[in-house]
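Novice: Below are the structure tokens for one structure; questions will follow.
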Amino acid sequence: MMPIPSERKRLISDLEEWVVGRKLMKLNLDLAEADEEEDRADIATVLLQLICATRYLQRPEVLKSTHFVQYVLPLLDDERFEQEVRMSRDAFERILGRISDHNVFHQHSKTPQADPRLQLMITAYCFGSSGSSASLGKIGTRFGVSEGFVGLCTSRCIEALLSLETSEVTWSNKNERTSIKQARILADSGFPDCVGMLEGTLIPLEYKPKKDGEDYWSHKSRYGLRTWRVPAC
């Protein structure tokens with residue numbers, strides 16, 4: 001089934017045809033008539049430019065509520081808070097403290113940015129969602145923001161988090177490796193001289209890859225990437 005074009009797209013198409021048609025007709029008119037037709041074409045051209053520069057002919061009203069963010073989420077117990085943002089409250093506060101001063105949250109603009117706390121909450125909720133619950137519309141409704149803002153704050157938080165890579169993703173030093181071997185790995189699993197393990201898991205993909213998409217179809221009836229457990233000794 002072909003998608004139904006919006007009223008805006010239909011109007012743009014009609015105006016483009018009208019402008020082009022008038023310009024073709026002008027080639028067969030005398031000078032006086034051509035000047036009059038040029039004035040009409042200019043009006044249509046200006047109207048076309050105005051419509052193309054706006055996203056909506058008439059912006060729809062979308063009801064929003066911040067009740068969940070202001071009055072529900074802060075009062076949830078630790079278990080339910082973790083269900084919402086996929087991390088403990090303490091971990092959330094530590095991450096927020098590390099990224100809240102990043103330049104991406106303090107760029108000078110006419111419209112003040114939302115609190116980094118809200119942006120991180122939305123981003124964490126997105127990271128923990130998949131399928132229909134990852135819909136920008138559903139997430140926006142839950143947090144009282146627009147769909148566009150959901151994508152924007154997610155991009156900002158990712159940029160801020162990636163800036164911590166060199167300080168947070170590091171290899172343990174000799175003393176740390178000794179402690180990990182003896183106090184953690186050996187005691188829990190019985191493996192000697194081992195400082196870490198990675199468990200095999202399937203990383204789900206939201207969409208079928210464009211290239212060789214069939215190769216990504218998994219036994220769990222969805223597209224994904226397989227990772228494997230690699231011990232570090």
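Novice: Taking only Cα atoms of the chain, what ratio of Rg to Rh do you get with Rh as the Kirkwood inverse-distance radius?
Specialist: Computed over Cα atoms, the ratio is 1.17.
Novice: Hey, rough spin-label estimate for R86 and K110, points 7 angstrom out along Cα→Cβ, what's it come to in nanometres?
Specialist: With each label placed 7 Å out from Cα toward Cβ, I get 3.5 nm.
Novice: Still on this model: Which whole-number percent gives the relative contact order of the chain, counting Cα pairs below 8 Å spaced six or more residues apart?
Specialist: Answer for the chain is 12 percent.
Novice: Could you tell me which of the pairs K9/K210; K138/K220; K64/K110; K9/K220 are separated by over 30 angstrom between their Cα atoms in the structure shown?
Specialist: Going by Cα-Cα distance, K9/K220 fall outside the 30 Å limit.
Novice: So if each residue of separation counts as 0.36 nm, and I subtract the Cα-Cα distance between D78 and D193, what length gain in nm does that give?
Specialist: Numbers: separation 115, 0.36 × 115 = 41.40 nm, distance 3.59 nm.
Net length gain for the segment: 37.8 nm.
Novice: Just to confirm, what accessible area per residue do you get for the chain at 1.4 Å probe, in whole Å²? Present the calculation step by step, with values, prior to reporting the outcome.
Specialist: On the way: 17500 Å² over 233 residues.
Heavy-atom accessible area per residue stands at 75 Å².
Novice: If I fit a long axis through the Cα atoms of helix 89-99 and take the longest principal axis of the Cα atoms of the chain, what angle between them do I get, 0 to 90°, rounded to 10?
Specialist: Helix 89-99 and the main axis of the chain meet at about 60 degrees.
Novice: Determine the distance separating the Cα centre of the range 158-183 from the Cα centre of the range 78-118; give it in Å without decimals.
Specialist: Here the answer is 22 Å between Cα centres.
Novice: Now for a separate question. Say a site is exposed when it is one of the chymotrypsin sites (Phe, Trp or Tyr not before Pro), sits in a DSSP loop, and has at most 14 other Cβ atoms within 10 Å; what is then the longest site-free stretch of the chain?
Specialist: 57-170
Novice: Extending each Cα 7 Å along its Cβ direction at I203 and D14, get the distance between those two points in nm, one decimal.
Specialist: Reported label-point gap for I203 and D14 is 4.9 nm.
Novice: Relative to the Cα centre, what is the charge dipole magnitude of the range 174-229, using +1 at the beta carbon of each Lys and Arg, -1 at the beta carbon of each Asp and Glu, and rounding to the nearest 20 debye? Mind dumping the intermediate values first?
Specialist: Details: 11 positive and 8 negative charges, 18 e Å.
The dipole of the range 174-229 has a size of about 80 debye.
Novice: Carbon and sulfur: what percent of the chain's accessible surface (1.4 Å probe)? If you can, show how the numbers build up before the last one.
Specialist: On the way: 9530 of 17500 Å².
Roughly 54 percent, rounded to a whole number.
Novice: For N175 and E147 in one chain, what is 0.36 nm times their gap in residues minus the Cα-Cα distance, to one decimal in nm?
Specialist: Gain on extension, N175 to E147, equals 5.3 nm.
The values are calculated or read from the model by the stated rules, or taken from the named source; none is laboratory data. Because the structure is predicted, anything quoted here is derived from the model rather than measured. With ideal geometry, Cβ positions are generated from the backbone for all residues, glycine too; neighbour counts draw on all protein chains shown. The protein model used for the area step is the full one, side chains on, heavy atoms only, and it has no ligands, DNA or RNA in it. Shrake-Rupley method; radii C 1.70, N 1.55, O 1.52, S 1.80 Å.
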